Amino acid sequence: MSIDPAIPVASFAWDVLKWVVVPVKRQFGYVISSKSYAQDLWKEVGKLTYEAERIHNAVEVARNNIRTVYSLVTDWHESAEKALNEARELLEEFEKASKSCCYGTLPDPNCRYQFSRKAKDKIELLQRLARECSEFRDISSIDPAPGNVTAVSAPSAKDDGVFESRASIKRKIMAALADNRNSVVGVYGMGGIGKSTLLEEVERKIREERVIGCKLLLTSRDRDVLQAEMGCDDPLLLGELQEEEARRLFQSYVGDKVCDEEFKPLVEKALHKCAGLPFLIVQMAKLLKHANLSGWKNVLKQLKLSKNEGIGEKVNKMLQLSYDHLKGEDVKSLLRLCVVCGVSKPSLENLVRYGVGLGLFREDKSMEEARESLASSIRTLQDSSLLLEDGDVHGFKIHDLVREFVASVASRDNPFLVLKEKDRLITEWSKDKLKSCRATCFPYVDMEELPEEIDCPEMQMFLLFMNNKPLDVPDSYFNSMRKLAVLNLTGIHLIHSPLSFQLLENLHTLCPDGRSIEDVASLGNLKGLQILSFANSKIHRLPKEIGQLVELRLLDLNHCSRLQVIEPGVLGSLIKLEELYLENSFHQWNAMEQTPPKSRIGGTWHSSSEYKTSTALKLKLNPANDILHKGCVRTILDKTDDLYLDGLNKPKSICELSLEGFPKLKHLHVENGPSIHYILQWPSSTAFKRLESLVLEDLINMEKICHSHISSTSFRTLKKVRVKRCFKMEVLFPCSLLRELPQLEKIGVIECDLMREIGEADEGGKVELRNLRALELRDLPGIKNFLSTGSAPSSSSSENQAATQAVFFNGQQVSIPSLQTLTMSGLPNLETIWSEESAVELSNLQSLELLGCKSLSKVFNFRSLVNSHKLHTLTIENCVSVQEVFDLDGPSASGNVETPSELTTLELRVLPSLRLIWSKNPCGIVGFHRLTKLKVVGCGSLRFLFLASMVKSLAQLRELSVHGCKKMEAIIMEEEGLETETSGILEFPTFTRS
């Protein structure tokens, strides 16, 4: 090698030395850091195991719902499982090598070097796989309904995973659309064969391929309709599923029973009865999915069909069986209600309002509880395929076959009529039919007039939808409908309300939506009204007579663009009003002296107030709306004691919204407000002086609760604070404010990425939170201490200072004597919760939950365990570095008096580094005499649970569960070097199960 004389020798020597030293340093680092590499690898294994299991479960759900799982996802899952297995094998080999030399502490340097290099590569691989998983936005294609069937494992399936019989006709449709000779493309086939869903798939394919198709794409059950009436020259037939396709669809719901020898003959019978009709196959499969052998036989016996029965009879018998299997009359009533609405996709909100009017929900249920109950019933109907899923999580639709079945068969005891355009006028219906009719729907049919009066004494629900046409409703039209509970007159132009309205004493829901009506005042006589909707109507004024509706629970004034006046005192008179909708309504509102009801402005809401207050206001705001800056609204805000704000887009501080600083406000909930930086920006002697609860969610620019020093009266009554997804918050409170919160009982901080401490320390001395009973901290990657450490006492050594800084609760800084429940989840920088040197009083702690705290190595030292002697429930999960739960070593553990513990439940899950539950025999130190339940899952390094001498103290143990502990040698281990006195047989006298 030659050396350039122009280069200084010293410089050259340093370059050579650097070239030599850096690799040597790296190799040496591999040797001395092998234990650190092992811990890091365990952590990554834990994280990726969770992600792989989550994806596995999602894939199973998708397949059970006949969705096509993307190959990218299945490939990722295979790679993840392979990488995890290799990582576990590597860790096991390293552990074996550790035991074989240096007295079981460390293997030889060469082994350590080889392990660390491999571990480093594996850590990078697992991290990369975890990143890839986080990028999955969806794992499967759109969920097809029972006509367009996704193949679960079909080698013959082509074209995006659908069965060949469906792929074939889809190709024909695409070809027909591409043929310039066709202006109309049609598909025909029997009901339930999957025509509509097939077309949805074709439309999706057209959008994906960006094909411009200016042609009509139609479906019908009748070929002649497509040819003769719609001008389709060559309609395409969608036939039944082929035998093997039908079997695969059936198997995707009922699972491996199809291959069971006992079930095989019954499978053949079931599929024969379904005749290749996807709708029936899914119905049958859901009926049989959870049944045993006798259950299958019973269902098939009930479905005994004659040879001459057509497909219509088969459909009705199958649906009747599904209908009969529904538990609860309320679910059946909901299904009938869906059909009465006259459309395939009923509005969830309309169903709630109709259901309340018909009394389908308990009287003591709030509107929000009614929505939750309805959503539950919808899921029940979807599980039985009597309702189908439709897109989003809340979407649903009803199949034509189900609508026809309910209308013709299931409604015998509760008859109703849904007028179709091809039907004759109502005047031509039979009188007997009308007399027994309980519900009627006219869904946007072309009607010129209504008869003077119809005789419908049983009518409870009357729906009439028009496209804003003038229609004269005779004064006597509703005379006979004394039982009417729900009346919807959407889009009808009315000059005055019919006189017969006054007779409707049982009317609970009235929806004159989108109509012109001048005589609003007359509606004040309908004293039983609970739901009143004027949405999209042209009313100018809400008169004082509306204040007489003291039973009213919901008032909808959305999109009433001409509304100018709400008379003073109207809202205050509606003492039972829970919800008020005012989106895109009124420009001038005479609202002086209004007292707000429990109300909301905007669209559908998904939560309700947990507080019983006299004036609660819920506002879901349009970002473009400046309604909160109107003086009349601010007057109402100052009188409110429970305020829920969603969608704020204007003020920087919440306090700017009130003229007086919210003097009466007790409960404040703010979410989705990108403009909000502070709750209180400037000092005020009146601001929030009565506030008891504060909830802040999804405020992406929220920095601090208080911008500067505040008055001692603000927040002084605060009992509960909960902050979630406020990504710019670093500190919850300055300590100067914490000291002024003597009534604070609950703190919850969740998913705040920059949060580094609950309180920011100052020179003001110790913080005492004497009433704090519950502390919940979740997914806070930056938090390490409850309070920032501040300056340590001068007498402290540097070692003690470092130890103090690593402790979450420092007893020298904070006192929390009343704390009962503590939850710490997803705190990766949490190293030590409490220490001997800075013990914190825990005399009332009853429940402790630790989840995903990857840097935590020990949970309790002796002093903290003694301090928390009332603890009855301890749960530790996915804390990958925890090696011991109870560290009973140290000077405090040398006494002769045993401390009784009230611990009853101990659950340890996915703790791969856990080697010992107790560092030494607790007998004589701490007595676990009340332990009744112990659950240990996925603790791969744990060798035993109890020492033999402990058994006598575990007389109350009833439940013991141990799973996935590969190195478990024994439940009870004899102490080495100790002669344990036993009676020969170790007993758990109250033990019930394991």
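One table, with the values for the structure above:
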quantity: Of the criteria (1) surrounded by fewer than 13 Cβ atoms within 10 Å (Cβ to Cβ); (2) at pLDDT 80 or above; (3) under 30 Å from Leu238 (Cα atoms), which one Ser306 fails; calculated: (2)
quantity: Selection within the range 953-964 - part of a loop (DSSP other than H, G, I, E, B), open to solvent by 20 Å² or more (accessible area, probe 1.4 Å) and touching a strand residue (DSSP E or B) at 6+ places or on another chain (Cβ under 8 Å); calculated: Arg958, Gly964
quantity: Verdict on Glu656 being open to solvent by 40 Å² or more (accessible area, probe 1.4 Å), over 31 Å from the mean Cα position of the chain (by Cα) and over 19 Å from Leu580 (Cβ atoms); calculated: yes
quantity: Positions within the range 928-952 being polar (S, T, N, Q) and open to solvent by less than 20 Å² (accessible area, probe 1.4 Å), in sequence order; calculated: Ser941
quantity: Sole exception among (1) in a helix (DSSP H, G or I); (2) at pLDDT 50 or above for Arg67, by number; calculated: (1)
quantity: Test: residue in the range 238-254 that is farther than 19 Å from Ala167 by Cβ, within 37 Å of the chain's Cα centre (by Cα) and either modelled with pLDDT of 85 or more or open to solvent by less than 30 Å² (accessible area, probe 1.4 Å) (or both); calculated: yes
quantity: Top-ranked residue in the range 519-537 [being out of contact with any Phe, Trp or Tyr (no Cβ under 9 Å at 6 or more places or on another chain) and open to solvent by 80 Å² or more (accessible area, probe 1.4 Å); ranked as modelled with the lowest pLDDT]; calculated: Asn536
quantity: Residue selected from the range 349-368 under the condition closer than 18 Å to Asn414 by Cβ and part of a loop (DSSP other than H, G, I, E, B), by the criterion least open to solvent (accessible area, probe 1.4 Å); calculated: Phe361
quantity: Any hit, the range 557-566, residues being closer than 27 Å to Ala687 by Cα, open to solvent by less than 60 Å² (accessible area, probe 1.4 Å), of a type outside the set (Val, Ile, Thr) and at pLDDT 80 or above; calculated: no
quantity: Residue count, the range 374-403 (criterion: surrounded by 16 or more Cβ atoms within 10 Å (Cβ to Cβ), among the charged types (D, E, K, R) and at pLDDT 80 or above); calculated: 2
quantity: Residue in the range 904-919 that is more than 30 Å from Leu41 (Cβ to Cβ), outside any strand (DSSP E or B) and touching a Phe, Trp or Tyr at 6+ places or on another chain (Cβ under 7 Å) present; calculated: no
quantity: Residue among Glu884, Glu877, Glu907 that alone is open to solvent by less than 30 Å² (accessible area, probe 1.4 Å) and among the charged types (D, E, K, R); calculated: Glu907
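The rows are residues; the columns are (1) outside any loop (DSSP other than H, G, I, E, B); (2) under 19 Å from Leu906 (Cβ atoms); (3) open to solvent by less than 10 Å² (accessible area, probe 1.4 Å).
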{"position": "Thr823", "(1), (2), (3)": "yes, yes, no"}
{"position": "Leu827", "(1), (2), (3)": "no, no, yes"}
{"position": "Glu841", "(1), (2), (3)": "no, no, no"}
{"position": "Leu845", "(1), (2), (3)": "no, yes, yes"}
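Here's the yes/no breakdown for (1) modelled with pLDDT of 85 or more; (2) at positive phi:
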| site | (1), (2) |
| --- | --- |
| Ala58 | no, no |
| Glu78 | yes, no |
| Glu92 | no, no |
| Tyr103 | no, yes |
| Asp138 | no, no |
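The values are calculated or read from the model by the stated rules, or taken from the named source; none is laboratory data. Given the structure is predicted, the values throughout are model-derived calculations rather than measurements. Here Cβ is always computed from backbone atoms with ideal geometry, including for glycine, and neighbour counts include all displayed protein chains. SASA here: full protein model, heavy atoms, side chains in, ligands and nucleic acids out. Shrake-Rupley method; radii C 1.70, N 1.55, O 1.52, S 1.80 Å.
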